[in-house]
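Working notes, beginning with the structure itself.
What follows is calculated from the coordinates using simple rules that are stated; it is not laboratory data. Remember, it's a predicted structure, so these values are computed and weren't measured experimentally. Cβ sites come from the backbone with ideal geometry, for glycine too, and all protein chains shown count toward neighbours.
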Amino acid sequence: KVELNGEVQFPGEYTIRRGELLSSLIKRAGGFTDKAYLKGAVLTRESVRKLQKKYLNETIDRLEQKLISTAAGTLETALSTESALLQKGALEQRQLLLAKLKSVEPIGRLPIELSSMDTFEGSFSDIPLEERDILTVPERPSSIQVLGSVYNQGSYLYSKEMRLSDYLQQSGGMGREADEGEMYVLKVDGTAVSRRLTDRFFFSSTFMGLELDPGDAVVVPEEIERIAWLREFKDITQILYHIAISAAVVLKIP
């Protein structure tokens, strides 16, 4: 059984045949309504969610073991009671971060490109369905999200004339702890566009001048380098941050 939600003619739960394609199910549901925002369609899959959770747990476990061993050695070599208290406070901050990471629940999203049925059928995204798949086709949203290290996180009205820099300006701009070079856009279709990659192949102004789609999210991560104990774990924490954002959880590093 699978679910079809949102802007299809007959949403609800359907029993599928083994190997049945997504286009077949959409046809059985009467196709899309006039309000369907195909670019924002979300397909979640239980097998993908389990793999994401397994990877997340393994990564957190490795990070936790490294932090515990590092903290134990630091406390043993503390030269004074004051130093020991500072190290203990730092350890508590790390534990808070780990607790926040452990609470993240991946949604198991599998990015797809929906289009009108005449072009979608037989396309790369016309995949065989699996048990407990959920396809949600939303209405066209009217806003852009700005998340992370900005002065005012939130949603801002979408305008075709506005670019990424305009939405950042509406949010008050980047905070002092923002990692400007690691900014990225989480597209409404589940893919991402990073500033690092864009600047590498184009001009630095290209990223800030991006035209966004309704439902996109601009993400401004915090600067990890400013926290000494996180420097050696930068790659791991960046990966965890991206996973958390994908699950609609914004991490605030202590």
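Quick notes on this one:
- A full extension of the chain between residue 50 and residue 27 corresponds to an added length of 5.4 nm, given 0.36 nm per residue minus the alpha carbon distance.
- Point-to-point label distance, residue 105-residue 199, nm (Cα→Cβ direction, 7 Å offset): 3.7
- If R0 is 22 Å, the Cβ-Cβ spacing of residue 160 and residue 119 corresponds to a FRET efficiency of close to 0.40.
- Dipole of segment 88-221 computed with +1 at Lys/Arg Cβ and -1 at Asp/Glu Cβ about the Cα centre; of 99, 110, 215, farthest Cα towards the positive end is 99.
- Taking each of 53/102; 50/187; 1/50 in turn, the alpha-carbon distance tops 20 angstrom for 50/187.
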